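Quick one: this structure, given as structure tokens, is what I'll be asking you about.
The values are calculated or read from the model by the stated rules, or taken from the named source; none is laboratory data. It should be emphasised that the depicted structure is a prediction, and the values quoted were computed from it without experimental measurement. Cβ coordinates were reconstructed from backbone atoms using ideal geometry, including for glycine residues, and neighbour counts include every protein chain displayed. For the accessible areas, the whole protein counts, side chains as well, though only heavy atoms, and no ligand, DNA or RNA atoms are used. Shrake-Rupley method; radii C 1.70, N 1.55, O 1.52, S 1.80 Å.
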Amino acid sequence: MTAREEILGRIRRALGPAATPAGPHPGYDRQVVPVDSGPLVELLAERLRDYKALVHVVPTAEIPATIAAALERRGARAMVAPAGVPDAWLTPGVDWHRDTPPLTARELDHADGVLTGSAVAIAVTGTIVLDGTAGQGRRAVTLVPDHHLCVVRTVVPDVADALALLAADRPLTWISGPSATSDIELDRVEGVHGPRILEVVLAFDG
């Protein structure tokens, strides 16, 4: 048995019998599985931290307070929030731009960051997937600002589980940590192809 098979086996044993999808999430056009497994959340958080993302694991009720604290730490004053991001997540005192009509690249670049939801996250690979549905916005919104604050409420074990939830005709963005690249001498440079800072709020009730 490989290490990967062992990890997946432990996760499946911890989850028990397969859960029935909880019904459509507001704004989504597919069935989703709620975050209800401690082992999955812990594994996802570990993988994200390996990628140098900032991670906060909190109860769902604490999402607004966690967002507010994250923005205060960064001194954020102007943030982008795509249509569909809940009003309760929008911290008072911050200048929120809804990207409706679409903001220009210059406007996105001048923002302190962007706040989005997510479609699903994959525990084993530490990958967050956006599919452009409500609360996630178009790709430019999460590629141009330097700071991406992302709320994750749905976690699955592996890529195959994520694909079962995602619509093939949606524009998918797969995020594994902040943007980073290396030259031939392996000098790491962050922020070339996307935000330098990925901050993730894992909303977990369990």
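Quick query: amide H of D99 versus all other amide H atoms, modeled in the peptide plane; which residues come in under 5 Å with a sequence gap of 5 or more or a different chain?
Those lying under 5 Å, H to H, from D99 are A81.
Moving on. If I63, I175 are ordered by their accessible area, calculated over protein heavy atoms with a 1.4 Å probe, which sequence runs from highest to lowest? Write down the numbers at each step before the final one.
Details: I63 5, I175 25 Å².
Result of the area sort, largest leading: I175, I63.
What does the accessible area of R12 come to, in Å² to the nearest 10, when a probe of 1.4 Å is used?
Probe radius 1.4 Å; accessible area of R12 about 130 Å².
Could you sort E5, E199 by accessible area so the largest value comes first, with the probe set to 1.4 Å?
Values: E5 95, E199 5 Å².
Of E5, E199, the descending order of accessible area is E5, E199.
Taking the Cβ-Cβ separation of M1 and A160 as r and a Förster radius of 25 Å, what is the calculated FRET efficiency to the nearest 0.05? Working shown, then result.
On the way: r = 18 Å, r/R0 = 0.73.
Here the calculated transfer efficiency is 0.85.
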